[in-house]
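Peer 1: The structure under discussion is supplied below as structure tokens; questions concerning it will follow.
The values are calculated or read from the model by the stated rules, or taken from the named source; none is laboratory data. None of the values given here were measured: they were computed from a predicted structure. Positions of Cβ are backbone-derived with ideal geometry, glycine not excepted, and every protein chain shown enters the neighbour counts.
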Amino acid sequence: MVTKAQLQGLGEYMRMGFTLEHPDDHVVILRHEGESLVIFSQSGATKESIQAECAEHLAKYHGWDGCLWSGDSGS
């Protein structure tokens with residue numbers, strides 16, 4: 001189930017296979033296709049910092065060109 005926090009935090013990156021996991025009240029884990037990428041403090045995580053990590057991961061590991069609307073995540 002997609003939560004409001006995931007939709008707000010991930011934006012368009014959600015449709016590219018990114019998810020946010022909240023194992024407790026203190027951290028949030030950014031995952032891509034089941035792989036844990038980054039652990040954020042919930043008090044320090046922002047929409048911008050989460051989405052920047054998504055973009056960096058796609059560019060570094062999947063050859064992504066940075067276009068959110070191409071319909072292809074580059075994977």
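Peer 1: Within the range 12-26, track down each residue that is surrounded by 12 or more Cβ atoms within 10 Å (Cβ to Cβ) and either charged (D, E, K, R) or touching a strand residue (DSSP E or B) at 6+ places or on another chain (Cβ under 6 Å) (or both).
Peer 2: Listed by number, the residues that qualify are Gly17, Phe18, Thr19, Leu20, Glu21, His22.
Peer 1: OK, next. Give me a count of the residues in the range 27-61 that are surrounded by fewer than 11 Cβ atoms within 10 Å (Cβ to Cβ) and not in a strand (DSSP E or B).
Peer 2: Qualifying residue count for the region: 6.
Peer 1: Continuing with the same structure: Out of the residues in the range 1-24 meeting the condition of being over 15 Å from Glu53 (Cβ atoms) and assigned to a helix (DSSP H, G or I), tell me which one is modelled with the highest pLDDT.
Peer 2: Arg15
Peer 1: In a loop (DSSP other than H, G, I, E, B), modelled with pLDDT under 90 and surrounded by 11 or more Cβ atoms within 10 Å (Cβ to Cβ), is that true of Leu68?
Peer 2: yes
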